[in-house]
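Take a look at the structure set out below.
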Amino acid sequence: KQEVTQIPAALSVPEGENLVLNCSFTDSAIYNLQWFRQDPGKGLTSLLLIQSSQREQTSGRLNASLDKSSGRSTLYIAASQPGDSATYLCAVRPGLEYGNKLVFGAGTILRVKS
Amino acid sequence: DVKVTQSSRYLVKRTGEKVFLECVQDMDHENMFWYRQDPGLGLRLIYFSYDVKMKEKGDIPEGYSVSREKKERFSLILESASTNQTSMYLCAMGRDTDTQYFGPGTRLTVL
């Protein structure tokens, strides 16, 4: 059964710092991996989606990498801002045969201090 | 803009009550999902549906049922609410080859 782990569970950094959030998964046979952002009391917003054949995806100050063979992904946030404060969730899609089901990690709570 | 609407943002119910949580999407997507989110546990899939009147159990279906009579509407039903069903409930939708789009969530408290 696929399991997704995110480290650290919480992170507090000063504004302007570059930071890395980590995600690991137990079964390397995945269809894709996504990073989501969740603001307090709100739903999830998709940030980046990496297909299993890709190594990384970039959007603005965000860069996500995928190493399928080792079961790891990282989300890199450059020049962090207070507005980046949120919970970041990693999710893997096990395969096409599972429909569009996702398996989520527990998330990393990020606080960027001004 | 993609929109997933959930019927309530906050709900307080008593133990033993029947509870309906409704989710409506405006994008004609085939897949719809119900998750619950608890601190330290992340999102866990309760049920999902890939077509009208079709449903499949997720990882934690016990104590829940669902209904999808129309493509745009997916309901989660707690037949007899219990205190351990106090949680944040999130609805999502998506196509097979796309990401999932989430609603704002319903925070349910069962007293």
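The values are calculated or read from the model by the stated rules, or taken from the named source; none is laboratory data. In this text, all values refer to a predicted model and were calculated from it rather than measured experimentally. Reconstructed Cβ throughout: ideal geometry from the backbone, glycine too, with neighbour counts over all protein chains shown.
Selection of strands (runs of 3 or more DSSP E) fully inside segment A:14-114 by the criterion of at least 3 residues being more than 10 Å from chain B (Cβ to nearest Cβ), touching a helix residue (DSSP H, G or I) at 6+ places or on another chain (Cβ under 9 Å) and modelled with pLDDT of 95 or more returns A:108-113. Of all residues in segment A:6-27, those that are within 17 Å of A:ALA64 (Cβ to Cβ), of a type in the set (S, T, N, Q) and surrounded by 12 or more Cβ atoms within 10 Å (Cβ to Cβ) total 3.
For segment B:36-53, the set of residues classified as at the interface with chain A (Cβ under 7 Å from one of its Cβ atoms) and among the small types (Gly, Ala, Ser) consists of B:GLY40, B:GLY42, listed by residue number. Picking from residues in segment B:54-89 that are within 10 Å of another protein chain (Cβ to nearest Cβ) and charged (D, E, K, R), the one that is nearest to B:LEU11 (Cα to Cα) is B:ASP59.
Okay, residues lined up against (1) without any contact (Cβ under 8 Å) to a residue 12 or more places away in the chain; (2) surrounded by 20 or more Cβ atoms within 10 Å (Cβ to Cβ); (3) in contact with a strand residue (DSSP E or B) (Cβ under 9 Å, 6 or more places away or on another chain):
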site	(1), (2), (3)
A:GLU56	yes, no, yes
A:SER69	no, no, no
A:TYR76	no, no, yes
A:GLN81	no, no, yes
A:LEU96	no, no, no
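Checking each residue in segment B:80-97 for being over 14 Å from the mean Cα position of the chain (by Cα), surrounded by fewer than 20 Cβ atoms within 10 Å (Cβ to Cβ) and either without any contact (Cβ under 8 Å) to a residue 60 or more places away in the chain or over 25 Å from B:ASP26 (Cβ atoms) (or both) picks out B:SER80, B:SER82, B:THR83, B:ASN84, B:THR97. Selection over segment A:61-97 of residues that are in contact with a Phe, Trp or Tyr (Cβ under 8 Å, 6 or more places away or on another chain) and within 19 Å of A:LEU44 (Cβ to Cβ) gives a count of 11. There is at least one residue in segment B:47-56 that is more than 17 Å from A:GLY43 (Cα to Cα), of a type in the set (Gly, Ala, Ser) and buried (at least 21 other Cβ atoms within 10 Å of the Cβ).
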